[in-house]
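Here the structure comes first, spelled out in C-alpha cells, and everything after it is commentary.
The values are calculated or read from the model by the stated rules, or taken from the named source; none is laboratory data. Computed from a prediction, not measured in an experiment: that's the story for all the values here. Neighbour counts are summed over all protein chains in view; Cβ atoms, including those assigned to glycine, are modelled from backbone coordinates with ideal geometry. The area values use the complete protein model at the heavy-atom level, side chains included, leaving out ligands, DNA and RNA. Shrake-Rupley method; radii C 1.70, N 1.55, O 1.52, S 1.80 Å.
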Amino acid sequence: MTPPAYRARLTTGIVHFGPGAFHRAHQAHYVDRLLEHDPRWGIAAVSLRSAGTVEGLRRQDGLYTLAVLDAETSYRTIGAHNRFLGPGEGAAVRQLLGDPAIRIVSSTVTEKGYCLAGDGTLDRSHPDIVHDLATPDDPVSIVSWIALGLGDRRRAGTPAFSTLCCDNMVANGSKLGRAVEDFAREIDPDLARWIEGEARFPNTMVDSITPATDDRLRAMVREASGSDDAIPVAREAFTQWVIEDSLQQGAEQLRGAGVTFAGDVAAWEKAKLRILNGAHSTLAYVGSLIGHATVYDAMCDAPLASFVERLINDDIIPGLQPSPIDLRAYAGEILQRFRNPAIEHKLSQIAWDGSQKLPYRLLDTTAAALNSGRSVKGLAIPVAAWMHFIRRRADEGQEIVDPLRDLLVAAARSEDPVTAFLSLRQIFPARLTDDALYAVEVRSAWNAIGQRGPEAAIALAQA
Ligand code: CS2
C-alpha cells in the first residue's frame with residue numbers, strides 16, 4: 001500500500017481508544033482528510049483490552065484500505081494512525097495522555113464500555129469501576145483513563161485535552177464527562193472541580209453504515225489494489241459527524257474536513273438514534289426471526305420494509321417533532337441507504353448488545369408515544385421480537401452477545417418471559433413498566449409472534 005503524502009510529516013495529536021472498524025472507516029476518514037493540510041493530528045490507536053486491531057495496524061505500519069461500497073466503489077489507503085498501544089502498554093498510554101501535543105482523546109468502545117447505569121450515570125458497582133477506584137493509577141475503564149490523563153495534566157499545568165465520545169449514546173459527551181467527574185470526585189474532589197471547569201466533552205452524532213470486516217472484503221481489496229491488507233474496512237458513501245461547538249482545539253481543521261459543528265447536537269442525535277438505529281434494531285430482531293441475514297435482505301422483504309417505514313413515519317417521527325430537520329426526507333434517505341446492495345450488513349451484528357441499545361433506539365420513542373397518548377402497538381413488536389430472539393438463541397445454544405446475557409437468558413427461560421424481561425430495570429424504565437397498556441401490547445406482540453410468526457405479527461400491527 002502506498003502511504004499518503006502526509007505520512008512523512010505526521011505527528012500525533014489524537015489518542016483514540018477502541019480503533020475498531022467504525023472508527024477506522026469514520027473518524028479516521030475525516031482525520032485523513034485534514035492531515036493533508038495539517039500533519040499534527042496523527043492518531044495513536046489504543047486498545048488495552050485486546051491486541052487484535054492494534055497488532056494489525058502495527059504490522060501494517062498503520063496503513064489500511066478504506067473501501068467505499070455504494071453506487072460507486074472507491075478504495076483509499078488511510079495512514080492517519082502512527083502510534084499503536086495494546087495490552088500491557090499502559091505506561092506509554094499514560095505518558096501520551098500527558099503530552100501537550102495531544103489535544104483530542106476520542107473513543108469508540110461501544111455503549112457498554114462506559115460503565116454507565118441504566119440512568120446514564122456512572123455505575124460504581126461495575127467491576128471495572130470497582131477495580132479502578134481501588135487502583136486509579138492502573139485503570140481498565142475508559143472513564144478512569146480519561147480521569148488519570150486529566151489529573152496528570154492538572155499536576156503538570158498542561159491544558160486539558162477535549163474528549164470526543166464517538167459511540168451511539170444519547171448525550172454521549174455529557175454522560176462521559178459526568179462519569180469522569182463523578183469518578184474523579186471519588187479519588188480527588190479538587191480534580192473533579194478542575195475537570196468540570198477546564199475539560200470539554202462535546203456531544204457528538206456519528207453516522208456511517210460500516211459492516212464488520214470479512215474475507216470477502218479482503219478479497220475485493222486484493223483484487224482492486226493488489227494489496228494483501230489484513231485489516232481493510234468498508235462503509236457506505238454516506239458519512240456524517242456532528243460535534244457540539246465546544247471543542248477547545250481542532251474545530252477549524254475538522255470543519256475543513258467536512259465535520260458539522262452545531263450549538264446543540266440533540267436534534268441530530270435523537271433523529272439518528274431513533275430513526276436509523278431504531279429501524280436497524282427492528283430489522284435485526286424481526287428480520288432474524290423471519291430468517292433474513294442482512295439489512296439488504298430484510299429490506300427486500302416488502303411487508304417487513306413497509307412495517308419499518310410505517311413505524312418510522314407513524315410512531316418514531318411524531319416523537320421527534322418539532323425538529324429543525326426535515327425528518328421525513330431524512331428517513332427516506334436512511335431507508336434508501338438500507339437498500340444499498342453493495343453493503344452486507346449482518347443482522348446478527350446489529351443484534352448485539354440489545355440491552356444497551358433498545359433504551360435509546362426504541363424505548364425512549366415508546367415513552368414519548370405513551371406520554372402523547374399515541375399507540376405503542378407497532379413499537380411493541382421489535383421489543384417482543386428481541387425477547388423471542390434471545391429465547392431462540394438460548395434454546396439453540398447460540399452465542400448471545402450482551403453484557404446482561406445471563407439475566408436475559410434467565411428471563412427468556414422463565415415461566416412468564418414477558419413479565420421477566422419487563423422487570424429488568426437496567427433496560428425498561430418505570431415509565432414503561434408502570435404503564436399497564438405497554439405490558440398488554442408487548443404481551444400481545446409476544447403471543448402473535450409465538451403463535452403465528454413474525455410475519456403475521458407485523459401484518460396484524462398494520463391492520
Ligand atoms: C448499527 C450501527 O450495529 C449497529 O447497532 O445499528 O452500528 C449503525 O450501523 C450505525 O450507527 C450507523 O451510523
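Here is the list for region 406-458: trypsin sites (Lys or Arg not before Pro) lying in DSSP coil, each with at most 13 other C-beta atoms within 10 angstrom of its C-beta, are 413, 425.
What are the trypsin sites (Lys or Arg not before Pro) within region 289-343 that DSSP puts in a loop, where the Cβ has at most 15 other Cβ atoms within 10 Å?
Working: sites: 310, 328, 337, 339; in loops: 339.
Loop-located and lightly packed - 339.
Estimated at the nearest 10 Å², the accessible area of residue 244 is 50 Å² with a 1.4 Å probe.
With a Cα cut-off of under 21 Å and a minimum spacing of 8 residues unless on different chains, the lysine pairs in the chain number 13. In summary, the convex hull built on the alpha carbon positions of the chain has an orientation-averaged projected area of 21.5 nm².
Where in region 10-84 are there GluC sites (Glu not before Pro) that are in a DSSP coil and have at most 13 other Cβ atoms within 10 angstrom of their Cβ? Intermediate values should be presented prior to the final figure.
On the way: sites: 36, 55, 72; in loops: 36, 72.
The qualifying sites are 36, 72.
Taking 0.36 nm per residue of sequence separation and removing the Cα-Cα distance, the residue 101/residue 459 pair yields an extension gain of 123.1 nm. Per-residue Karplus couplings for region 404-420, computed as 6.51 cos²θ - 1.76 cosθ + 1.60 with θ equal to phi - 60°, are listed in order as 9, 3, 4, 5, 5, 5, 4, 5, 5, 9, 7, 4, 10, x, 4, 4, 5 Hz, Gly and Pro entered as x.
Here region 407-463 and region 181-197 have alpha carbon centers that stand 41 Å from each other.
Solvent exposure of region 5-262 amounts to 39 Å² per residue of accessible area, where only protein heavy atoms count and the probe is 1.4 Å. Using the 1.4 Å probe convention, the accessible area of region 266-461 works out to 39 Å² per residue with neighbouring protein chains retained. Each residue of region 236-242 was assigned a 3J(HN,Hα) from its phi angle through the Karplus curve 6.51 cos²θ - 1.76 cosθ + 1.60 (θ = phi - 60°); the sequence is 6, 6, 5, 8, 9, 9, 10 Hz, with glycine and proline shown as x.
Global dimensions of region 242-366 from alpha-carbon coordinates: Rg and Dmax equal 15.9, 48 Å. Listed values for region 202-218 are Karplus-derived 3J(HN,Hα) couplings in whole Hz (6.51 cos²θ - 1.76 cosθ + 1.60, θ = phi - 60°), namely x, 6, 9, 10, 10, 7, 5, 6, 10, x, 5, 6, 9, 5, 4, 5, 4, and x replaces Gly and Pro.
May I ask for the equivalent-ellipsoid semi-axes of region 266-461, computed as the square root of five times each C-alpha gyration tensor eigenvalue and listed largest first in whole Å? Walk me through the intermediate numbers first.
On the way: eigenvalues 113, 82, 46 Å².
So the equivalent ellipsoid measures 24, 20, 15 Å along its semi-axes.
Using a cutoff of 8 angstrom between alpha carbon atoms and counting only pairs six or more residues apart, the relative contact order for region 313-458 works out to 26 percent. Whole percent per 5 Å bin, from 0 to the bin with the longest distance: what is P(r) over all C-alpha pairs of region 131-218? Spelled out bin by bin, region 131-218 gives 3, 14, 22, 20, 15, 9, 7, 6, 3, 2, 0 percent. Set the Förster distance to 30 Å, then compute FRET efficiency between residue 117 and residue 188 from the Cβ-Cβ distance, nearest 0.05. Efficiency at R0 = 30 Å is approximately 0.85.
In whole percent, and with a 1.4 Å probe on the protein chains, what portion of the accessible area of the chain is carbon and sulfur? Present the calculation step by step, with values, prior to reporting the outcome.
Numbers: 9030 of 18260 Å².
On the chain, the fraction of accessible area on carbon and sulfur atoms equals 49 percent.
Give the distance, in whole Å, between the Cα centre of region 95-120 and the Cα centre of region 1-34. A separation of 17 Å, based on Cα centres.
Using 0.36 nm per residue and subtracting the Cα-Cα separation, the extra length available between residue 55 and residue 264 on full extension is 71.5 nm.
Less than 5 angstrom separates the built amide H of residue 241 from those of 260, all sequence-distant by 5 or more or on a different chain.
Each label point was placed 7 Å from the Cα along the Cα-to-Cβ direction; for residue 447 and residue 434 their separation is 2.7 nm. Between region 363-387 and region 129-147, the alpha-carbon centres lie 37 Å apart. A compact globular protein would have a Cα radius of gyration near 2.2 N^0.38 Å; the ratio found for region 5-262 is 0.98.
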